[in-house]
Protein chains: 2
Amino acid sequence: MTYSEENYLKVIYHLSHTANKGISTNAIANVMESKPSSVTDMVQKLADKELVEYVKYQGVTLTQKGMFMALMIVRKHRLWEVFLVEKLDFSWDEVHDVAEQLEHIKSEKLTNKLDEFLGFPTEDPHGDPIPDKDGRIASIDKKLLSEIGVSKKVICVGVKDSSPPFLQYLDKQQIALGSSIEVVAKEDFDHSLSLRVDGKNVTVSNKIASNLFVKPV
Amino acid sequence: MTYSEENYLKVIYHLSHTANKGISTNAIANVMESKPSSVTDMVQKLADKELVEYVKYQGVTLTQKGMFMALMIVRKHRLWEVFLVEKLDFSWDEVHDVAEQLEHIKSEKLTNKLDEFLGFPTEDPHGDPIPDKDGRIASIDKKLLSEIGVSKKVICVGVKDSSPPFLQYLDKQQIALGSSIEVVAKEDFDHSLSLRVDGKNVTVSNKIASNLFVKPV
DNA sequence: AAACATTTTTAGTCTTGGCTAAACATTAAG
DNA sequence: CTTAATGTTTAGCCAAGACTAAAAATGTTT
C-alpha cells in the first residue's frame, strides 16, 4: 500500500458517508484537489487490487478489504489526534495536518500500543468515533444543534466541520466538547440561535449551529 | 524536502563519522542498498539545493545547511525511539524500523513538544546522543569495552551496533545501558573477556566487546 | 609511464502518480 | 428522440527516483 493509495481509500471512505451510491471520480478529484483523469487511473489500480468495486462511468465503492484498510487509516489518524491533544498539548485546530502524516505510519504494534497508552479512547478531539483494532465503531446518537427545539438542553459532542477557522471560532465563544447548551430562542428571520452555553448567553448563526453535533442531556 | 532526499542526507551524515574525506557514491549505495548511478543522480540534486558539496569523482560532504537538516532528522529518529521505549513499552531491538518512518514527519512543533513530553532526553535507547533543537549534541566520553584493561570497572553507556540480533543477545546476557561491568580477565588466545556484570559472571567474545560503549565508573 | 582494474558518471529506460487535451458516455432539454 | 451539456475515460506526456549498460576518470601495478 503506497501513501497515495491510502489517501484515495480514506477519501472514498469519507465520501461514502454522505453519498450512498458509487462515488464519482469527480467527487474524489474535488476532495483531493486533483483531476478526474488522475482519479480514474488510480481507481483502476485499486480495483485490480480488489480494494474497490469499480464500474466505468458508475463510480466506486469500497470492498470489504478496502473498507477495513480505510478504517485502519482513520483509526490511526484519530488516535494520533488524541495523542497530540492529550499528551502534547496541541489545540484541536492544529492537529489535522500532522495527523494526516502520522496516519501513514505502518506498524500494527505501534497503533495498538498507542491505543492502549491513550486508554482506548472512543472519540477523537472533534468528537469523531475511533474504530477499534477490528474496525468496529461505537456509534453515538447525535444531532445537529440546528435541529434542536427551543428550550431543549443538550451537550456538545462533536463538530461536523473541523476546519481551523471554525474551531477557533468555537474556542472564542468558549464552546467545547462537553459544553452544556440550552436553546433559548430561534430567530425566524435568519435562523440564528440564542443559546446558554455553560451558563453564558451566546448567539450563533444557523451555519454554526448546523456544524455542531449535540446529544440530548 | 522529499522522503528520499532526507534519507540520503541521513546516510551521508552517518558515513561522515567514520570517514573524514568526501563520501563516495559507492559507500552511499551500499548503505542504501541501491546502485552508485542512482546515488550520483540524487547527489547532484542535493548539490543543486546546496545541501551537499559535490565534486565529481571526489565524493560528497554536507554543507552547513545539509548538516543541520541531517541533525534534525537524527533528532526526530532518536526522540521517537525514546518515546517508543519509554512510553509504549517497545524493547530496544524493535524501535528502529518504526522510527525510520516517524523521522520523516514534518512538524517542528511536534518535534519540540515531543522532546518536552519526554523530558528533554539527551540519549536514545541505544545510548546515541540526541541533537537539541539547534542541532547541538552533548558529547559523552565513551570507550569500547574491548579497550578496557583488566580489573577496571565501567558502566555500559551505549552500543555501536544496534541490530536486533546483537541487542537480543545483550538482553539474554542481561547487559543493559547502566549495567556496571568489571573486566575480570582477558583471554590472549581469542581476546574474549571475562566480566562481572551487575554481580554476575559473564564471558563475551571480542566481537561483542568491541560493539559495547562504556565509560569509566 | 603505460596498461589494467576499479570506481564513477552518463545515457537511456522503467514505474508511479500526476497532468492536458481529445474522445466517449450519460443525462437533461427541447 | 435527437441534440446539447456534463461528466468520465483514454491517449499521450512529464517529473521523480531508481535501474542497466556503456563510457570516462582515477588508481595501481609493473
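The values are calculated or read from the model by the stated rules, or taken from the named source; none is laboratory data. Predicted, not measured: the structure shown is a model, and the values here were computed from it. Note that each Cβ is placed from the backbone with ideal geometry, even for glycine, and that neighbours are counted across all protein chains shown.
Would you call residue A:160 exposed (fewer than 15 other Cβ atoms within 10 Å of the Cβ) and of a type outside the set (Phe, Trp, Tyr)? No: the conditions fail for residue A:160.
Go through (1) closer than 19 Å to residue B:132 by Cα; (2) more than 16 Å from DNA strand D (Cβ to nearest atom) for residue B:9 and report which single condition fails. With (1) closer than 19 Å to residue B:132 by Cα; (2) more than 16 Å from DNA strand D (Cβ to nearest atom) applied to residue B:9, the lone miss is (2). The condition (being loosely packed, with under 13 Cβ neighbours inside 10 Å, among the acidic types (Asp, Glu) and away from chain A (no Cβ under 14 Å)) is satisfied by just one residue among B:124, B:134: B:134. Of the helices (runs of 4 or more DSSP H) contained entirely in the stretch A:22-100, those carrying at least 1 residues that are within 11 Å of DNA strand C (Cβ to nearest atom) and more than 17 Å from residue A:110 (Cβ to Cβ) fall at A:25-32, A:36-48. Being at pLDDT 95 or above, farther than 30 Å from residue B:168 by Cβ and not assigned by the TED database to the domain that holds residue B:170 is a property that residue B:15 lacks.
Of the residues making up the stretch B:170-217, just one is part of a helix (DSSP H, G or I) and touching a strand residue (DSSP E or B) at 6+ places or on another chain (Cβ under 6 Å), namely B:209. In the stretch B:12-35, the residues that are surrounded by fewer than 17 Cβ atoms within 10 Å (Cβ to Cβ) form Cβ pairs under 9 Å with partners that are of a type in the set (Gly, Ala, Ser), at six or more places apart or across chains, as follows: B:14/B:70; B:19/B:27; B:19/B:59; B:21/B:59; B:32/B:38; B:35/B:29. For the structure I just gave you, tell me whether residue A:85 is within 14 Å of chain B (Cβ to nearest Cβ), away from DNA strand D (no atom under 13 Å from the Cβ) and surrounded by 15 or more Cβ atoms within 10 Å (Cβ to Cβ). Yes; evaluated as a whole, the condition is true for this residue.
Does at least one position in the stretch B:127-149 carry a residue that is in contact with a helix residue (DSSP H, G or I) (Cβ under 6 Å, 6 or more places away or on another chain), farther than 19 Å from residue A:80 by Cα, outside any helix (DSSP H, G or I) and among the hydrophobic types (A, V, I, L, M, F, W, C)? Checked the stretch B:127-149: at least one residue is in contact with a helix residue (DSSP H, G or I) (Cβ under 6 Å, 6 or more places away or on another chain), farther than 19 Å from residue A:80 by Cα, outside any helix (DSSP H, G or I) and among the hydrophobic types (A, V, I, L, M, F, W, C).
Residues of the stretch B:150-163 that are out of contact with any His (no Cβ under 6 Å at 6 or more places or on another chain), in a loop (DSSP other than H, G, I, E, B) and farther than 17 Å from residue B:199 by Cα: B:160, B:161, B:163.
Kindly indicate whether any position in the stretch A:155-162 is over 13 Å from residue A:211 (Cβ atoms), at pLDDT 95 or above and touching a Pro at 6+ places or on another chain (Cβ under 7 Å). No, that holds for no residue.
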